[in-house]
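To start, the structure under review is shown below, and the notes come after it.
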Amino acid sequence: VLSSSFRRLVREFVAQNNTSQIKHVIQILSQEFALSQHPHSRKGGLIGLAACSIALGKDSGLYLKELIEPVLTCFNDADSRLRYYACEALYNIVKVARGSVLPHFNVLFDGLSKLAADPDPNVKSGSELLDRLLKDIVTESNQFDLVGFIPLLRERIYSNNQYARQFIISWILVLESVPDINLLDYLPEILDGLFQILGDNSKEIRKMCEVALGEFLKEIKKNPSSVKFAEMANILVIHCQAADDLIQLTAMCWMREFIQLAGRVMLPYSSGILTAVLPCLSYDDRKKNIKEVANVCNQSLMKLVIPEDDEMDEAKQSMTLPVEPTSEESFSKPEAASSGESLPPHCGRSELDITALNHPLSFPCSSERIQVTLNLDGIVQVLDCHLHDTSIGMMTRIAVLKWLYHLYIKTPRKMFRHTDSLFPILLRTLSDESDEVILKDLEVLAEIASSPAGQTEGQGPSDSSDVRPGPVELHIPARAGQLSSSGTKSLECSPSTPTMNSYFYKFMINLLKRFSSERKLLETRGAFIIRQLCLLLNAENIFHSMADILLREEDLKFASTMVHTLNTILLTSSELFQLRNQLKDLKTPESRNLFCCLYRSWCHNPVTTVSLCFLTQNYKHAYDLIQKFGDLEVTVDFLTEVDKLVQLIECPIFTYLRLQLLDVKNNPYLIKALYGLLMLLPQSSAFQLLSHRLQCVPNPELMQTADSTKPSAGYKRMTASNIDYTELLQHFEKVQNKHLEARHQRAGRAEQLDRRVVL
């Protein structure tokens, strides 16, 4: 009855065009009834306001503010029945006004978002009816104020209430579906909130959020020109490290698409991306999907680094490069890219780079160019941080080393600024448990040691405290003309003149230091490391430099062990086939110089010195050395090494030596040397083996031929080699005297220690 009375009264005022009376009626209903302290009065006021709206019809739009405000106030009423009546009243007001309520959309949305979480089921049901009506109006209209609505949406999206979150997601899905509303432009404002909602405990809400994010990603792929990739990059970095698997996988999928669509625009955010992606590469099968997507992200990001990134000083200027999106559409909004990137101080999961969000960045059109700077310092800091972290998995360590190798190939000049800081951790990584990690580490170290970018003018070996001029210089090419624009190795360098730089000798010194301080590494991985280096670098230079360094080694016991290891590698490794052939003939001055260099260091170990002479067919000198063995201290270790040498003589490597036993006349010292070894050995299996071999040496009288009076090729080579064997023999005696003195000193110290223990 009350509702009918108000409708008749208002219709009369409308017919008379009496706006003042209409406003007066609405004011009375609002102030004296809807906002009254008495519940029944408030209920009557709400019914009256709804009746006024119905009576006003299309003219209700002129009085919407006065009609809506008191009703929204009642949304906060403590009485659930009044909240329901308020919801019903607002439904009638909105139903009549339709599109005229859009200017008041924000206050309506704000009120509805509160009712969505109302504990009373009747109120919630009423709010859902009003919500559907409002969505229909927005969908039909082309006058929705999206700009004004986004701040409210951004605020409400961080609600923790499940019903409020469901309400927010439902509205985002509606707005996405309206063709005239481009919500993609404002995605950076709400993306973080969407990812937080994705971690809700409710499966239904998570599913709704997945759908919303999926729709956004489809739009991004269709219209990359309108996407603000840079403003969302760090949001994805944060959520790529989320503890929730669904959030992490979704964010990682987005990151993959961003890198592939935006291309080099993502480079300023590389350090943050790597912080998020690298740990995922070591996930087990329980997170296989995340691992696979992270691997694609890592590979795609690596491909964005190009040789041109090495051509300028990033501290002074930016490089201008064309953007090459994978989409066929050209880009349309020219804005300058951000070149600044803040790196997380400790590469931690919670300390991430979000400063770049303050630097807007979008795509230029195809006819324009974009400034992109590779922040190499930030990338290297993240990679270095991960290498120092002993808890990271094997695949992550391999990925880090692949990144370092890639950067040294693509941007060698800039990378060598970081070499001094990276060098220690790269050396320590050689002690890794994984062979794959060590192989990648050796590739990086080999690139550092051989890249022309590492050659500094007028600079000798890097470690001045340990390096003194050696008897023979290494092959170090001149700097000029060696470094191409892309920083790659000169194609004119051949294996005989390998590319070496100032870091090569430093690498050799520090590698030997590591072997000396970590004997277990030498025993378990020493041969493996050196053999791989011989494949990656020039074997002659490796042996030459190590021999030169060991010549001045103060720890004589280590020097002897290291020489034995190098000799075993030289004699048995397939990787050293070419070097063995070079030493076997000693035809060139270089090969003779190499022999002399090796010989001086090999003198730390008498048996290896003899084996080197056998390898180089210096049989007379080998015999002279064995004659000196009588003056040495014969220990079990010494006899064991002689035993191993006898075993080696029976191997395919010394096939040529065994065949030379047929030429008794021209190889008398070979036979004498072998008999000398036989006399050193006790009655053992090695003794029997060598004795049987020597029994097979033919009678020289039976081996006479027509040309037997001519000297053999080996004899010619030996006499024409121009090597001062007397000096070498004196050097051998000098080194062995040092070893004898050192053994006596060690024995004396051990005896003193025993006495102190007894006392």
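Checking each residue in region 701-734 for being in a loop (DSSP other than H, G, I, E, B) and either modelled with pLDDT of 90 or more or in contact with a helix residue (DSSP H, G or I) (Cβ under 9 Å, 6 or more places away or on another chain) (or both) picks out PRO711, SER712, SER721, ASN722, ILE723, ASP724. Residues that are open to solvent by 70 Å² or more (accessible area, probe 1.4 Å), free of Cβ contacts under 8 Å to residues at least 12 places away in the same chain and in a helix (DSSP H, G or I) do not occur anywhere in region 67-79.
Restricted to helices (runs of 4 or more DSSP H) entirely inside region 488-583, those with at least 1 residues that are among the hydrophobic types (A, V, I, L, M, F, W, C), more than 16 Å from LEU594 (Cβ to Cβ) and at pLDDT 95 or above are 502-517, 519-536, 556-572. Counting only residues that are polar (S, T, N, Q) and closer than 19 Å to TYR85 by Cα, region 97-120 holds 1 of them. One residue alone among VAL305, VAL296 is touching a residue at least 12 places away in the same chain (Cβ under 8 Å), under 18 Å from the mean Cα position of the chain (by Cα) and in a loop (DSSP other than H, G, I, E, B), and that residue is VAL305. Criterion applied to GLY214, GLY193 was being of a type outside the set (Val, Ile, Thr) and closer than 17 Å to ALA116 by Cβ, and the one residue passing it is GLY193.
Assess whether LEU594 counts as being farther than 22 Å from PRO652 by Cα and of a type in the set (A, V, I, L, M, F, W, C). Taking the combined requirement at face value, the residue satisfies it. Scan region 147-177 residue by residue and report those that are in a loop (DSSP other than H, G, I, E, B) and under 15 Å from ALA212 (Cβ atoms). Result: ILE157, single match.
Taking the listed residues LYS287, LYS222, LYS303, the one that is of a type in the set (Lys, Arg), surrounded by fewer than 19 Cβ atoms within 10 Å (Cβ to Cβ) and within 26 Å of GLU176 (Cβ to Cβ) is LYS222, with no other qualifying.
Scanning region 523-542 for residues that are among the aliphatic types (A, V, I, L, M) and open to solvent by less than 20 Å² (accessible area, probe 1.4 Å) gives ILE529, ILE530, LEU533, LEU537, ALA539, ILE542. Residues that are open to solvent by 10 Å² or more (accessible area, probe 1.4 Å) and either part of a helix (DSSP H, G or I) or not assigned by the TED database to the domain that holds LEU571 (or both) within region 584-603 comprise LYS584, ASP585, PRO589, GLU590, ARG592, ASN593, CYS596, ARG600, listed in sequence order. Here region 372-415 is the region considered, the condition is being free of Cβ contacts under 8 Å to residues at least 60 places away in the same chain and assigned to a loop (DSSP other than H, G, I, E, B), and the residue that is surrounded by the most Cβ atoms within 10 Å (Cβ to Cβ) is ASP389. Among the residues of region 89-132, those that are touching a Gly at 6+ places or on another chain (Cβ under 8 Å) and open to solvent by 40 Å² or more (accessible area, probe 1.4 Å) comprise TYR91, VAL96, SER100, ASN106.
Looking across region 651-679 at every residue that is in contact (Cβ under 8 Å) with a residue 24 or more places away in the chain and within 48 Å of the chain's Cα centre (by Cα), the one that is nearest to CYS613 (Cα to Cα) is identified as PHE654. No other residue among PHE149, PHE144 is closer than 15 Å to ILE172 by Cα and over 45 Å from the mean Cα position of the chain (by Cα) apart from PHE144.
The values are calculated or read from the model by the stated rules, or taken from the named source; none is laboratory data. These numbers were taken from a predicted model, which means no experiment stands behind them. For neighbour counting, all protein chains shown are included, and Cβ atoms are generated from backbone atoms with ideal geometry for every residue, glycine included. Accessible surface is based on the protein model in full, side chains and every heavy atom, while ligands, DNA and RNA are left aside. Shrake-Rupley method; radii C 1.70, N 1.55, O 1.52, S 1.80 Å.
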